[in-house]
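Worksheet for the structure shown next.
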Amino acid sequence: MAGKAKSVIEIWLWGGPCQLETFDPKPDAPPEYNNSLKAIDTNVPGMKVHEWLPELAKCADLYSVIRSMTHPHNGHEIATYLMQTGRMPGGGDVYPAIGAVLAMMKSKKEYKGDLPPYVILTRAKGRFSEIGFLGDEYAPLITGGNPNASAFIVDGIVPPGGLTKENIAYRFDMLKSVDTLASVMDDGFGVFNDFKNAGIDARRIIEGDAAGTFDLSRETDEMRNAYGRNTIGQSLLAARRLVQYGVPYITVNVPGWDSHKRHFETMKRKTEEMDKAVSTLLKDLKQKGLLDSTIVWMSGEFGRTPKIDQAPPWNGGRNHHCKCFSAMVAGGGFKGGCIVGESNEFTTAVAKRPVSPQDFLGSIYELCGVDPERELPNPKRKKLSILPKSTGEGRLREIYV
């Protein structure tokens, strides 16, 4: 299956962003639904977004919005598993997330870099095993660290303590001089040879271009400021650098969207950072000629309840809402400036063109050149496919280029 996308950037809004205060505003609804907030025009005629997304409004031609995402689970763990694997839990098999599957598929055919083919900035979701039954070979590199710090210290890649290249080289040379056992063992001697090769690989990565991918000081202050000097902004800048290096799958996990309490204060703060960072990423990828070969997708595990919950203890919050929520896709073979599906009057339910997690993920697989119904290797040697067969109205082919 042919596909344009070489890399994927997943922006995971961990906890569930509200569809009403992002991509599916309802300005004509009563205040108990929209808190008297408004929608704004975008640069695509007829397409509106929430007033808290002014920068994304200016570049709506670069992305498309799905307003009819739906699935049956309001719990974080099951909903996350569904949105990451396209599968219901159970049956004795823990399926891998899309990142691990694409890392496996791309590294077998295309990607030969020194960095792992699956990188997560900066924390794991923690809701389920990202690798499922695939095993550690396709486990993500979880960077840890703070990309907005003066030095982005990436676990296992960027040494801590401000070590210079000369310091690092000296330490490797000292290790070699004292490791007399390795020097006398035959190269073909199993575990010793593996250990020696691991050291060689580590040195090549730490001293080479791979580690430099995370050195955000190589970017101009103007560029860093454009993304935003905060965790999401600098993580997305790092993600763009990882795309340039060739990493097939990059996840940026953005916690803090589970806004049961103080919903509007939380959403205003979070959307301001997200709006600036994501709009800059899309424009930056476009300017560098990378958007056509890079899929960017953004969602959480579900949305938020349309009617504001004024009762204690929420006092103006929004709760979990899986029946109808929004997602964004861009690049890599997706058209920009389109809206897929439609919610009803208040987003309590899908009114038109429901999109399931398996069809959403299946569309990403297809544009990456992977048949989502092909067989998925597993240790039990069972006949398993990456995703179940397409359901309902199917994959998002109406917005393929």
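The numbers here are math on the coordinates, done by the rules we state, and not lab data. Everything numeric in this text was worked out from a predicted model, so none of it was measured. Cβ atoms come from the backbone with ideal geometry, glycine included; neighbour counts cover every protein chain shown.
Evaluated at q = 0.11 Å⁻¹, a Debye calculation over the C-alpha positions of the chain (equal weights, vacuum) places log10 I(q)/I(0) at -0.80. Per residue, the average separation of C-alpha pairs within less than 8 Å and at least 6 apart gives the chain a relative contact order of 32 percent.
Please give the residues of segment 218-246, grouped as numeric ranges, whose backbone N is less than 11 Å from a label point set 7 Å along the Cα-to-Cβ vector of LYS283. Flagged as within label range: 226-227.
Based on Cα contacts under 8 Å between residues 6+ apart, segment 30-154 shows a relative contact order of 16 percent.
The value obtained for segment 85-146, namely the Cα convex hull volume divided by the number of residues, is 92 Å³ per residue. For segment 29-165, the Cβ-based charge dipole about the Cα centre amounts to some 180 debye (Lys, Arg positive; Asp, Glu negative; other atoms uncharged). For the residue pairs LYS6/LYS125; LYS125/LYS286; LYS4/LYS106; LYS268/LYS307; LYS58/LYS283, the alpha carbons lie more than 21 Å apart in LYS6/LYS125; LYS125/LYS286.
Take the cross-link list LYS335/LYS383; LYS108/LYS383; LYS109/LYS383; LYS270/LYS389 and give me the ones stretching past 29 Å between alpha-carbons. The pairs that break the limit, which is 29 Å between Cα atoms, are LYS335/LYS383; LYS270/LYS389.
As a length-normalised measure over Cα pairs under 8 Å and 6 or more apart, the relative contact order of segment 313-353 settles at 35 percent. Residues whose amide H falls under 5 Å from that of SER343, counting only those 5 or more places apart or on a different chain, are ALA351, with hydrogens built in the peptide plane. Based on Cα atoms of segment 258-395, Rg over Rh with Rh as the Kirkwood radius reads 1.03. If the segment from SER150 to GLU398 were pulled out straight at 0.36 nm per residue, it would be longer than the present Cα-Cα gap by 84.9 nm.
When the chain is treated as a GNM, springs tying every alpha-carbon pair under 10 Å, which of ARG67, ARG218, ARG304 comes out with the largest mean-square fluctuation? Sorting by GNM fluctuation, first place goes to ARG218.
Estimated purely from DSSP H runs of n ≥ 4, each contributing -39500 (n - 2.57), the mean residue ellipticity at 222 nm for the chain is -9500 deg cm²/dmol once divided by its residues. How far is the Cα center of segment 1-43 from the Cα center of segment 48-123, in Å? Segment 1-43 and segment 48-123 have Cα centres separated by 15 Å. Placing a pseudo-label 7 Å from each Cα along the Cα-to-Cβ vector at ASP114 and ASN74 gives an inter-label distance of 5.1 nm.
For the chain, the share of DSSP beta bridges that are antiparallel, to the nearest 5, is 45%. Remark: the ALA351-ASP209 segment gains 46.2 nm on full extension, using 0.36 nm per residue and subtracting the alpha carbon distance. Length gained on full extension, ASN35 to SER293, computed as 0.36 nm times the residue gap minus the Cα-Cα distance: 89.0 nm.
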